[in-house]
Amino acid sequence: MKIAVTGLNATDNPGPGVPVIRSILDSEEFKGEIIGLIYDSLEPGIYMKDIADRCYLIPYPSSGLDALFNRIVQIHEKEKIDLIIPTLDSELFGFIKIKEKLEEIGIKTFLPTFEQLNYRAKDKLFDFCTLHGIKVPKNILINSMQDMYSIPQKFDYPVVVKGIFYDAYIANNFEEAMSAFNKMRGKWGYPIIVQEYVKGTEFNVVALGDGTGNTTGAVAMRKLYITDKGKGWAGITIDDPVLLDISHKLIKGLRWKSGMELEYMKSAESGEYYLLEINPRFPAWVYLAPAAGQNLPYALVQLAFNKEVPNFTKFKVGTIFVRSSWDLITDISKFEEIAVKGEFKL
Amino acid sequence: MKKYHIPEYIAISDTGFLFLPSTGETFTLNQIGKDIFKMLQAGESDENIYEKITSDYDVERGVIERDFSDFILQLKSYSLIKAI
């Protein structure tokens, strides 16, 4: 079996590709090879031992779907790929769009539908959660500079200013909100989301939905160390049935198909959980799940091949991950291989 | 005489390391903190704890009563204990 995985950018803003591969390789049942699909010759996962058997450059999503599909066909002719697991938010739309064409040439995927992807989008989340009785911070969509002036009538400061795909800034006054707005507008475009700031502690859940409304598995975690980019650099699995119940409810409501990360804030004032975001793919800390007893990435592989996967019902509480920074050494000829030929074997 | 309840899911190791599984928070207690916490877990009353501590340590009753009260307040603030 050959599984192709994207997101090998294990940088200070890490992609989930490397931990997804590690999880699959950890499964005793897995007998096969891993193909890395990369966007840049310096994605660190390329140079890690025992991660990808071979890597191939693919075009950025902005190059268009034809370019992406044609490149995958080229790689497929050599490799005979059985399954592709895209792990980055920005490429999901494209892969969902070409999933039927991939299926026709014998490549499986396990992805959400457009409708599911849309419901969890930052600009739709409020309505979806309200409908399903899940608490979510109040928000407004900003589609012009004029909209920014409505903040003081709707919220008290501080507020959170968020880009449609990535980035979030806490703004303590109108000037800070405008500065964040200008950064977001330049980087991600409209709409920009201005959200009520809920003071409290952040908790995260990694989960896998099988597409019928059933949760195959879910592991809850609290970040122990957060970088200046807001990325969890260490975390611990926790036992909170309330958090898992809300997550199951969400997966049921969305009939979510694929891996996901749910981000919550537990209000310091009321002790209630507010859903901040749904990320439509496994997070970069997903390797904590198999370490705690739920190999969710490998379960996704099994689901993609229509195998029966019993639900995970427990995980080991108190399992900790600590991320590290590690220099990988390689020769210029290896870099040349990937940069010139677009193919690489360590 | 007062008694306190420590939820069953709160575990303390022999080194005084305390883990709250619902939030992932960890705490480290010193020797006397660990002794008191274990007595609270065993359901001992505050009176019994004062007696035990004054006999095991060189400390006056008034001092231990005041420090015990501070310690209980701290445990309550972290949701590690409830008065019963």
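The values are calculated or read from the model by the stated rules, or taken from the named source; none is laboratory data. Remember, predicted model here, so these are calculated numbers, not experimental data. Note that each Cβ is placed from the backbone with ideal geometry, even for glycine, and that neighbours are counted across all protein chains shown.
In table form, for the structure just shown:
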| item | result |
| --- | --- |
| Matching residues, the range A:1-31, being outside any helix (DSSP H, G or I) and touching a strand residue (DSSP E or B) at 6+ places or on another chain (Cβ under 6 Å) | A:LYS2, A:ILE3, A:ALA4, A:VAL5, A:THR6, A:LEU8 |
| Considering residues of the range A:196-223 that are of a type in the set (Val, Ile, Thr) and in a loop (DSSP other than H, G, I, E, B) only, the residue farthest from the chain's Cα centre (by Cα) | A:VAL198 |
| Matching option when the condition is in a strand (DSSP E or B), in contact with a Ser or Thr (Cβ under 9 Å, 6 or more places away or on another chain) and buried (at least 16 other Cβ atoms within 10 Å of the Cβ), among A:ILE193, A:ILE140 | A:ILE140 |
| B:ASP70 being of a type outside the set (A, V, I, L, M), part of a loop (DSSP other than H, G, I, E, B) and away from chain A (no Cβ under 14 Å) | no |
| Test result for A:THR313, part of a loop (DSSP other than H, G, I, E, B), surrounded by fewer than 17 Cβ atoms within 10 Å (Cβ to Cβ) and without any contact (Cβ under 8 Å) to a residue 40 or more places away in the chain | yes |
| Cβ-Cβ under 7 Å pairs, at least 6 apart or on other chains, the range A:62-76 side of a type in the set (Phe, Trp, Tyr), far side at pLDDT 95 or above | A:PHE69/A:ILE98; A:PHE69/A:LYS101 |
| The range A:224-244: number of residues that are among the β-branched types (Val, Ile, Thr) and outside any strand (DSSP E or B) | 3 |
| Extreme residue, modelled with the lowest pLDDT, among residues of the range A:1-40 that are surrounded by fewer than 18 Cβ atoms within 10 Å (Cβ to Cβ) and hydroxyl-bearing (Ser, Thr, Tyr) | A:THR11 |
| Unique match (being within 30 Å of A:GLU272 (Cβ to Cβ) and within 14 Å of another protein chain (Cβ to nearest Cβ)) among B:LEU20, B:LEU40 | B:LEU20 |
| Considering residues of the range A:227-259 that are within 14 Å of chain B (Cβ to nearest Cβ) and among the small types (Gly, Ala, Ser) only, the residue surrounded by the fewest Cβ atoms within 10 Å (Cβ to Cβ) | A:ALA234 |
| A:ILE192 vs. criteria more than 14 Å from chain B (Cβ to nearest Cβ), β-branched (Val, Ile, Thr) and farther than 30 Å from A:THR109 by Cα | yes |
| Qualifying residue in the range A:272-286 (condition: in a helix (DSSP H, G or I) and surrounded by fewer than 21 Cβ atoms within 10 Å (Cβ to Cβ)) | no |
| Residue within the range A:197-218 that is acidic (Asp, Glu), under 19 Å from A:ASN279 (Cβ atoms) and away from chain B (no Cβ under 13 Å) present | yes |
